[in-house]
Every structure is written in C-alpha cells, then in structure tokens.
Amino acid sequence: MNTARLESKTQTVIDKYINDLDHYTLEQLLMKPSPKEWSIGQVYIHLWMSTKGFFYKKAEQCLTKEGAEQGKGKNWKGHLVFLMGKMPTIKVKMPEKVAVEPKQPDSKEQLISKLNEIKQLSSSYISRIPDADPSYKAKHPIFDYLNTTEWISLCNMHFRHHEEQKKRIKHHFGWK
C-alpha cells in the first residue's frame with residue numbers, strides 16, 4: 001500500500017472520531033446499553049489502548065525484528081480481511097486472557113487528547129514503513145503473521161470496525 005494513502009486514510013478515520021465527539025454530551029458518552037456492553041466513551045478508550053498496546057506494539061516488533069519471524073504469513077482469515085479491506089461487521093469476543101474492559105473517559109478533552117496522540121503515533125509509524133523489511137512479521141491471534149504495513153492497515157480497519165458498534169449504541173438510545 002502507498003504510505004501517503006495509508007497516512008491519509010488513517011488521519012481521516014481518526015479525525016472522524018474526533019469530529020463525532022461534537023454530537024455527544026459527556027453523559028451520553030458514558031451511557032451503556034446494558035451492564036455488559038460498552039459505552040461510546042469506552043469504545044474510544046479501547047481504540048486508544050489497542051492501538052498503542054497491540055497494533056503498534058506488533059508493528060514495532062516487525063520494525064525492530066525483535067519478536068518477529070520470517071517465512072510466515074497470514075492464514076485464510078487474514079487473507080480474506082485484507083482482500084476485503086475491512087473486518088467483518090460482527091461482534092468479536094476477545095479471549096479472556098487479553099480481554100480488558102476499558103475505563104470510562106473522564107472528559108471529551110481526554111478523548112481528543114488520546115486520539116491526537118494516536119494520530120501522531122500513526123504518522124510516526126507510517127513514516128518508518130519504507131525502511132521496514134516486509135518479510136519480518138509478528139503473530140496476530142486470529143490472522144496469523146502480519147508485517148509492519150499490515151499491522152498499521154489493520155489498525156485502520158479496527159477503527160472502521162468499531163463504527164458499527166457506535167451505530168448499535170446510538171440506535172439503542174434512539175440517537176441520530
């Protein structure tokens with residue numbers, strides 16, 4: 001994938017999340033459809049946590065070659081997701097050992113700050129792609145082995161995947 005295009009797509013999806021905050025009060029961001037479901041604010045915190053603690057951590061492994069492997073690739077699920085350019089619009093339950101319920105946000109400003117942090121981080125990682133050896137890959141629990149570009153692209157898909165969750169929450173409360 002062209003890095004300028006990936007940069008543009010990534011910045012656009014994050015900007016959309018930032019701009020969407022104008023449509024909610026803090027109280028709305030904290031409302032959960034049920035005790036076992038997340039609020040929209042928790043979706044935002046989840047995106048921040050998973051970008052830093054999972055997607056870009058794996059991209060870093062590929063870049064530094066520490067904990068990355070050569071000669072491995074995606075399985076059929078991984079190939080399908082990258083062929084479609086998006087994750088399926090189904091609910092995915094994370095394995096118990098890695099499942100973390102995100103905290104509720106303190107404020108809209110906190111969410112904006114965290115998303116701006118991700119924008120800067122994204123730019124930094126995308127700028128390093130030309131120097132990355134695409135043969136070095138880190139293991140994904142569902143898709144098998146992905147390289148730096150694939151990890152960053154998957155992060156973008158992850159943001160778009162959670163748009164569906166936001167829509168379900170909005171629909172539950174009757175918001176437009």
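We did not get these values from a lab; they are worked out from the coordinates using the rules stated. None of these values were measured; they are calculated from a predicted model. Using ideal geometry, Cβ is built from the backbone for each residue, glycine included, and neighbour counts are taken over all protein chains shown.
Computed quantities for the displayed model
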| item | result |
| --- | --- |
| GNM flexibility winner over the chain from Gly78, Gly41, Gly53 (Cα, springs under 10 Å) | Gly53 |
| The chain, dipole about Cα centre (Lys/Arg Cβ +1, Asp/Glu Cβ -1), debye to the nearest 20 | 520 debye |
| Added length on full extension, which subtracts the Cα-Cα distance from 0.36 nm per residue, Asp133 to Glu163 | 7.6 nm |
| Placed amide H near Tyr145: partners under 5 Å, 5+ positions off or other chain | Gly73, Lys74, Asn75, His140 |
| For the chain, built as a Gaussian network whose Cα springs stay under 10 Å, the top-fluctuating residue of Pro35, Pro88, Pro105 | Pro35 |
| Lysine pairs in region 78-176 with Cα atoms under 14 Å, if 8 or more residues apart or on separate chains | 5 |
| The chain: angle of helix 108-128 to the longest principal axis, Cα-based, in degrees nearest 10 | 10 degrees |
| FRET efficiency estimate (nearest 0.05) - Cβ-Cβ, Leu80 to Ser124, R0 22 angstrom | 0.15 |
| Distance between region 117-165 and region 31-62 - C-alpha centres, whole angstrom | 14 Å |
| Furthest towards positive pole of dipole, Asn19, Ala4, His172, structure part the chain, Cβ charges | His172 |
| Residue-span extension gain [Asn2 to Glu37] - 0.36 nm each, minus C-alpha spacing | 8.9 nm |
| Percent RCO, i.e. relative contact order, over the chain, from Cα pairs under 8 Å lying at least 6 residues apart | 38 percent |
| With Cα atoms, 0 to 90° folded angle of helix 148-173 axis to the chain main axis | 20 degrees |
| Listed candidates [x] 108; [y] 117; [z] 201 - label of the one calculated as volume of the Cα convex hull per residue in Å³ | [y] |
